[in-house]
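Shown next, in structure tokens, is the structure this report addresses.
The values are calculated or read from the model by the stated rules, or taken from the named source; none is laboratory data. A quick note: this is a predicted structure, and the numbers were derived from the prediction, not measured. Glycine gets a Cβ as well: all are built from the backbone with ideal geometry, and neighbour counts include every protein chain shown.
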Amino acid sequence: MSLRFHTLPTLPGAVKPGCRELLCLLVITVMVNPGASGMCPTACICATDIVSCTNKNLSKVPGNLFRLMRRLDLSHNRIGLLDADWIPMSFVKLSTLIIRHNNITSISTGSFSTTPNLKCLDLSSNRLKSVKSAVFQELKVLEVLLLYNNHISHLDPAAFGGLSHLQKLYLSGNLLTQFPMDLYVGRFRLADLTFLDVSYNRIPSIPMHHINLVPGKQLRGIYLHGNPFICDCSLYSLLIFWYRRHFSSVMDFKNDYTCRLWSDSRHSHQLSLLQDSFLNCSESVINSSFHALGFIHEAQVGERLVVHCDSKTGNGNTDFVWVGPDNRLLEPDKDMGNFRVFYNGSLVIESPGFEDAGVYSCIAMNRQRLLNETVDIMINVSNFTINRSHAHEAFNTAFTTLAACVASIVLVLLYLYLTPCPCKCKSKRQKDVLNQGSAHSSILSPGPSGDASADERRGGKRVVFLEPLKDTAAGQNGKVKLFPSETVIAEGILKSTRVKSDSDSVNSVFSDTPFVASA
């Protein structure tokens with residue numbers, strides 16, 4: 001087979017190009033558009049703007065890569081150090097860089113100066129032990145950073161400084177012992193961070209006094225499961241409230257939230273944090289935590305209530321709307337009867353009723369009507385009058401009981417200290433007994449019968465006639481009736497020896513003989 005080459009006719013006056021001119025044209029074309037050459041390293045697979053150099057035992061980045069590529073995958077290689085020269089050229093179009101499953105132990109400042117437009121950086125499954133200050137400062141538009149499955153035990157507060165657009169940060173499977181609050185409060189906080197995964201670290205507790213400073217839209221994206229928490233009612237109250245608000249971070253990993261309860265210094269057992277009646281934590285403790293977090297407000301029937309939308313991002317360019325429990329939209333400058341919304345996000349309920357109780361959602365939006373944040377707040381409505389009546393009833397019962405106790409004590413004291421002296425009472429009784437004995441002895445004692453002398457009767461004496469007591473009952477026959485106690489007294493008087501000193505001695509007979517007594 002023979003090949004024939006036909007030359008094309010040339011126009012009159014045209015110069016026929018030689019081989020040297022064609023070669024120069026080709027070189028100029030490649031220099032002007034180096035990515036258009038279609039060159040791909042032998043260790044990589046290329047597809048337009050995607051380059052994959054995975055599992056090729058590479059220790060550094062190949063030098064002849066497409067400069068206009070948007071995605072570079074260098075996973076499963078032997079790259080150990082990221083310094084200022086680890087990427088030989090600038091890739092201004094590169095938006096995704098994957099370096100997972102390598103041997104990276106440290107990151108130097110300026111390591112990403114040649115890739116300033118990265119939006120996703122994957123450094124997972126390496127050997128990083130710490131993240132130093134400002135190692136990502138060149139990545140001004142970075143949105144997703146993956147650092148999970150490393151050996152990170154320390155995060156510098158300024159490690160993520162400058163990442164103003166970072167939205168997702170994966171720190172799961174590391175050795176962190178403290179919750180990174182610097183991401184939410186302080187000088188280096190990340191306002192756009194809506195997803196933080198710190199699951200399966202070594203965090204024993206959460207700073208409850210600072211967690212209420214985190215905006216609602218950021219709270220929804222905090223994943224804490226798999227950490228060795230110490231059992232605590234405040235932590236339980238936080239997680240159970242997230243569960244009630246249907247946070248996916250708790251709803252999707254409910255069984256992975258556990259804690260350790262130590263019986264002594266050596267023995268402990270594991271409990272589920274979201275179980276019912278956890279550690280007998282009272283509802284008052286839980287609600288008090290919710291009140292401290294600003295998630296629960298108490299209202300009284302008929303009393304004006306003001307609720308603030310604590311969005312933490314509100315400014316002059318932010319609009320606020322509220323959504324009621326019945327999905328009713330509450331907006332500023334609209335007649336909504338019992339409700340009123342101010343431009344600063346505050347919600348006012350002029351005269352709350354029981355039907356106004358429920359969960360209210362505050363939505364903060366910027367001028368472009370893009371959703372910035374949602375804050376859910378529970379409002380409870382109770383009747384103060386009913387509660388006050390119950391309180392008065394309880395007070396009356398307590399007061400009555402106290403008064404009864406005081407009265408009893410007073411009566412006892414009166415009985416003990418105001419009763420007449422026992423000595424006087426005893427002497428008085430003895431005197432009465434003697435008087436009765438004398439009277440009865442005058443009746444029972446024998447004596448001579450006869451008339452008293454007239455001189456004695458005239459000497460200032462009184463004559464008293466005593467008639468014998470007769471029992472009208474049958475069988476007594478007019479005999480004198482003695483009281484049971486008087487029998488003993490009478491016998492004692494009869495047996496005793498009596499001395500008659502004068503005429504005033506008493507003589508008594510069983511007759512109408514007059515009895516003479518001294519005046």
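Would a scan of the range 376-388 turn up a residue that is modelled with pLDDT of 80 or more, in a loop (DSSP other than H, G, I, E, B) and in contact with a Leu (Cβ under 7 Å, 6 or more places away or on another chain)? Looking for residues that are modelled with pLDDT of 80 or more, in a loop (DSSP other than H, G, I, E, B) and in contact with a Leu (Cβ under 7 Å, 6 or more places away or on another chain), one finds none in the range 376-388, hence no.
Only residues that are crowded, with 17+ Cβ neighbours inside 10 Å, farther than 19 Å from Arg127 by Cα and of a type in the set (Val, Ile, Thr) were counted across the range 62-95, and they come to 1.
Taken together, the residues in the range 96-121 that are small (Gly, Ala, Ser) and surrounded by 15 or more Cβ atoms within 10 Å (Cβ to Cβ) amount to 3.
Outside any loop (DSSP other than H, G, I, E, B), surrounded by 15 or more Cβ atoms within 10 Å (Cβ to Cβ), among the aliphatic types (A, V, I, L, M) and in contact with a Phe, Trp or Tyr (Cβ under 7 Å, 6 or more places away or on another chain): does that describe Val51?
Numbers: outside any loop (DSSP other than H, G, I, E, B): yes; surrounded by 15 or more Cβ atoms within 10 Å (Cβ to Cβ): yes; among the aliphatic types (A, V, I, L, M): yes; in contact with a Phe, Trp or Tyr (Cβ under 7 Å, 6 or more places away or on another chain): yes.
In short, yes.
All of (1) closer than 24 Å to Leu219 by Cα; (2) at pLDDT below 85; (3) surrounded by fewer than 14 Cβ atoms within 10 Å (Cβ to Cβ) hold for Leu293 with one exception: (3). Considering only the range 131-153, I want to know if a residue exists there that is of a type in the set (Ser, Thr, Tyr) and more than 27 Å from Val61 (Cβ to Cβ). Yes, the range 131-153 has at least one match. Residues that are surrounded by fewer than 21 Cβ atoms within 10 Å (Cβ to Cβ) and over 38 Å from the mean Cα position of the chain (by Cα) within the range 122-136 comprise just one, Arg127.
Scanning the range 317-349 for residues that are among the acidic types (Asp, Glu) and loosely packed, with under 14 Cβ neighbours inside 10 Å gives Asp326, Glu331, Asp333, Asp335.
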